[in-house]
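Each reported figure results from applying straightforward, stated rules to the coordinates on display, with no laboratory input. None of the values given here were measured: they were computed from a predicted structure. Note that each Cβ is placed from the backbone with ideal geometry, even for glycine, and that neighbours are counted across all protein chains shown.
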Amino acid sequence: MTLLERDPKAAPAWRGELPVTSRYTFGLAGERFFRAIQEEGRILGTRCDGCARTYVPGTIFCERCLGELDKWVDVGKVGEVHTYTLLYEAPDGSQRETPEIVAFVRLGDGGLVHRLGEVEPEALAIGMSVQAVFKPIAEREGSILDIVYFRPI
Ligand SMILES: [Zn+2]
């Protein structure tokens, strides 16, 4: 099909396949952040005392003053549900019998998007306290999925 044969009202998309490979590196801050999750079961942030902010996940520069950050702090395993959503559709397009719950969990002045577990959708509330549940250390791979989910406390 050429551009001239294309239905002008059709969605502008062409089907095809691209052979793409990629390699994602964590970077300096990500390396430290994920090693702490894998090896210590800790969630780390970086602190800017000048701006009184704790970045989670940790970063190497303060987004406000652009100062270099090298003060790593353990922000604990307990955060607060800032917002959440219920996923009724699986990645393969099938319908889930029970929705998966994904939340933004506030930790420090940042937070993590992650699954919630051990909670029914009816019990969800903005502001509820949740705690990270880690995989056993032998099963951790240095991934955000080393945290299985956050559960209410
Ligand atoms: Zn700062």
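Among the residues of the stretch 1-42, those identified as under 30 Å from ALA138 (Cα atoms) and not in a helix (DSSP H, G or I) are THR21, SER22, ARG23, TYR24, THR25, PHE26, GLY41, ARG42. Filtering ALA132, ALA36 for residues that are touching a residue at least 60 places away in the same chain (Cβ under 8 Å), touching a Lys or Arg at 6+ places or on another chain (Cβ under 7 Å) and under 13 Å from ILE147 (Cβ atoms) leaves a single hit, ALA132. Quick one: would you say THR85 is of a type in the set (Ser, Thr, Tyr) and under 25 Å from PRO152 (Cα atoms)? Criteria met by THR85. Exactly one residue out of GLU118, GLU122, GLU63 is away from the ligand (no atom under 16 Å from the Cβ) and either over 24 Å from PRO136 (Cβ atoms) or assigned to a strand (DSSP E or B) (or both), and it is GLU122.
Figure legend. Inter-residue proximity from the stretch 65-90: first residues under 20 Å from GLN38 (Cα atoms) and free of Cβ contacts under 8 Å to residues at least 40 places away in the same chain, second residues of a type in the set (Lys, Arg) and within 16 Å of the ligand (Cβ to nearest atom), beta-carbon distance below 6 Å, spacing 6+ or different chains. Indicated pairs: LYS71/ARG47; VAL73/ARG47. Of all the criteria given as (1) more than 9 Å from the ligand (Cβ to nearest atom); (2) surrounded by 14 or more Cβ atoms within 10 Å (Cβ to Cβ); (3) farther than 16 Å from ILE144 by Cα, the one not satisfied by LYS71 is (2).
Condition check for LEU28 on (1) surrounded by fewer than 18 Cβ atoms within 10 Å (Cβ to Cβ); (2) within 14 Å of the chain's Cα centre (by Cα); (3) touching a residue at least 24 places away in the same chain (Cβ under 8 Å): one failure, at (2). Name the residues in the stretch 46-57 that are within 13 Å of the ligand (Cβ to nearest atom) and of a type outside the set (Asp, Glu), would you? If the condition is that a residue be within 13 Å of the ligand (Cβ to nearest atom) and of a type outside the set (Asp, Glu), then THR46, ARG47, CYS48, GLY50, CYS51, ALA52, ARG53, THR54, TYR55 are the ones that fit. Only one of the numbered conditions (1) within 16 Å of the ligand (Cβ to nearest atom); (2) loosely packed, with under 11 Cβ neighbours inside 10 Å; (3) polar (S, T, N, Q) is violated by SER22, and that is (1).
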